[in-house]
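The values are calculated or read from the model by the stated rules, or taken from the named source; none is laboratory data. Note that the coordinates shown come from a computational prediction; the quantities given were computed from them, not determined experimentally. Note that we place each Cβ from the backbone using ideal geometry, even for glycine, and neighbour counts take in every protein chain shown. SASA here: full protein model, heavy atoms, side chains in, ligands and nucleic acids out. Shrake-Rupley method; radii C 1.70, N 1.55, O 1.52, S 1.80 Å.
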Amino acid sequence: MISVHIPYSTEGNIGNSYNNIIENSKTNWILLLDHDVFLALNAKWYEICMNTISKHNPALASCWTGSKGSVLDWIIYPNSPTTSNLEDHKKCAIDVFEKNKFQVTEVEKITGFFMLVNKQAWKEVGGFSNNGICGVDWDYCKKLRDKNFKILRMNGLYVYHQKARSWLNN
């Protein structure tokens with residue numbers, strides 16, 4: 001079973017929020033999502049995650065996204081839509097699954113928009129750092145790599161990460 005959470009921090013310390021969620025989770029697998037991720041584009045998302053867990057048992061896993069304008073080429077799907085139209089992103093999600101099914105690729109690091117966390121690995125590396133928001137995800141990846149844990153990208157799963165605008169700035 002995977003528990004799904006959208007972490008939030010009023011103190012600007014997302015690592016602390018991640019750690020509290022994982023520590024209090026009754027499951028061994030926790031999916032941490034940014035609030036602006038459209039997960040339901042692929043109805044098979046849970047099946048893809050469970051397949052990755054059962055066949056590869058990674059410490060951490062993520063997926064493709066379509067957030068443009070990023071230098072994160074290892075998670076930005078090359079043919080993702082340039083629009084914010086959800087139907088375009090749904091078609092992309094279907095295409096990504098049809099092409100890649102349950103394939104995975106080992107990656108050096110992932111970002112916090114979609115993190116499927118193995119609770120046992122989290123315990124072994126001492127959890128996420130508690131030093132703000134930026135870089136907490138990459139710091140965690142480094143801790144995992146230092147202990148030779150696997151970090152995977154699920155190649156058959158695509159989610160749209162709508163870079164959110166603050167309601168204060170609209």
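Structure above, values below:
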read-out: Full-extension gain in nm, E106 to N148, via 0.36 nm per residue minus C-alpha separation; value: 13.9 nm
read-out: Phi to ³J(HN,Hα) by Karplus 6.51 cos²θ - 1.76 cosθ + 1.60 over region 23-32, Hz, x for Gly, Pro; value: 4, 8, 6, 8, 9, 7, 10, 10, 9, 9
read-out: Cut-off under 5 Å, modelled amide H: who pairs with L31 long-range; value: S3, V4, H5, V117
read-out: 3J(HN,Hα) from dihedral phi, region 12-22, Karplus parametrisation 6.51/-1.76/1.60, rounded to Hz, x for glycine, proline; value: x, 10, 5, x, 5, 5, 4, 4, 4, 4, 5
read-out: Partners for K90 among lysines (Cα-Cα distance below 18 Å; same-chain residues under 8 apart left out); value: K44, K68, K99, K101, K163
read-out: Carbon and sulfur %, accessible surface of the chain computed with the full protein complex present, 1.4 Å; value: 51
read-out: Amide hydrogen neighbours beyond the local backbone of S25, cut-off 5 Å, H modeled; value: none
read-out: Derived scalar couplings ³J(HN,Hα) [region 49-61; Karplus, 6.51 cos²θ - 1.76 cosθ + 1.60; whole Hz; x for Gly, Pro]; value: 4, 5, 4, 4, 4, 5, 8, 10, 6, x, 7, 7, 9
read-out: Assigned charges on the beta-carbon of Lys, Arg, Asp, Glu; region 1-105 dipole about Cα centre (debye); value: 340
read-out: Sequence ranges 135-148, 2-15, 111-124, ranked by mean other-Cβ count within 10 angstrom, highest first; value: 111-124, 135-148, 2-15
read-out: Solvent-accessible heavy-atom area per residue, rounded to whole Å², over the chain at 1.4 Å; value: 52
read-out: Two-decimal Rg to Rh for region 1-138 - Kirkwood Rh, Cα set; value: 0.95
read-out: Of all DSSP beta bridges in the chain, antiparallel share, percent nearest 5; value: 50
